[in-house]
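Have a look at the structure below before the remarks.
Rule-based calculations on the coordinates, nothing more; no lab input. This is a predicted model, so every value here is computed, not measured. Here the Cβ is made from the backbone with ideal geometry for all residues, glycine too, and neighbour counts use every protein chain on show.
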Amino acid sequence: MRFRFGEFVLDTGSRQLLRGDGEIHLEPKALDLLELLLAHRPNALTKSRIRDRLWPRTSVSDSSVTTLVAELRQTLGDDARRPRYVRTVYGFGYAFCGDAVVVEGPRRDPPGGRETRFRLFGKQREIPLMDGENVLGRDEAATVRIDSLVSSRRHARILVADGRATLEDLGSKNGTRLNGKRLRSPTVLADRDEVQIGDFVLTFRVLPGAASTKTEAIS
């Protein structure tokens, strides 16, 4: 996946931070932090959640997160007092506050030369999923727009990459369920899995062939 923000592009597949035609060096943990904040934008993440994702099963202090944020800001030319990209949420954690979009990278066909089509079905709707990030929620720009008070603006996402579709909750208030169980971590979807947000149940399907993508509202 490629995120474009300001003069930068973060390519999560090649693990590169680009500006123009050049690559900018960023330590692996700082790159992981940037990807994490972008994936959950505009939601704020607690320091403890950042620690758990970047240093799993390792005991580190909040100062490690603070140092990493300072390194990321320095690389991006960001100012903590007037942030363009990384905002401090005092007494809580951090959030990505800039405008960012997901842009398509080079298309790669799966082995055998056949494309795989991922779709969601629900309430007589058939919703194609595109390569990259597919957001589920109330946001007008969401790939799967869900008009419900139980849905957050960016409630969850399905990341389509390398022939797989991975479901991830984006820190929603009411949570996301997969096959009846609350989703605790990013999970690769299988054909006929059921994704539930509030009262809305969507069935994930894997079908042969190619598809275009458009935003569909579910209400």
*Of 160, 136, 22, which is farthest along the charge dipole of the chain in the positive direction, counting Lys and Arg as +1 and Asp and Glu as -1 at C-beta?*
136
*Could you work out the per residue convex hull volume over the alpha carbons of the chain, in cubic angstrom?*
138
*For labels at residue 80 and residue 18 in the simple 7 Å Cα→Cβ model, what's the distance in nm?*
3.2
*Please list 68-74, 25-31 highest first by mean number of surrounding beta-carbon atoms within 10 Å per residue.*
68-74, 25-31
*Calculate one ³J(HN,Hα) per residue across the range 121-132 by plugging θ = phi - 60° into the Karplus curve 6.51 cos²θ - 1.76 cosθ + 1.60, and present them in order as whole Hz with x for glycine and proline.*
10, x, 6, 6, 10, 10, 10, x, 10, 8, 4, x
*Return the FRET efficiency for the residue pair residue 4, residue 149: r is the Cβ-Cβ distance, R0 is 45 Å, and the value is rounded to the nearest 0.05.*
0.90
*How high is the FRET efficiency between residue 125 and residue 164 when r is their beta carbon distance and R₀ equals 30 Å, given to the nearest 0.05?*
0.85
*Can you give me the three principal axis dimensions of the range 2-101 from its C-alpha atoms, in Å, biggest first?*
38, 28, 21
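Can you give the charge dipole size of the chain about its Cα centre, rounded to the nearest 20 debye, using +1 on the beta carbon of Lys and Arg and -1 on the beta carbon of Asp and Glu?
Rounded to the nearest 20 debye, it is 600 debye.
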*asked:* I want to check a number: in the chain, how many lysine pairs have alpha carbons closer than 28 Å, given a sequence separation of 8 or more or different chains?
replied: 9
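Note down the relative contact order for the chain as a percent, whole number, built from C-alpha pairs under 8 angstrom at least six residues apart.
Once normalised by length, the contact order is 17 percent.
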*For residue 203 and residue 60 in one chain, what is 0.36 nm times their gap in residues minus the Cα-Cα distance, to one decimal in nm?*
47.5 nm
*Any idea what the relative contact order of the range 2-101 is, in percent, if you count C-alpha pairs under 8 Å spaced at least 6 apart?*
30
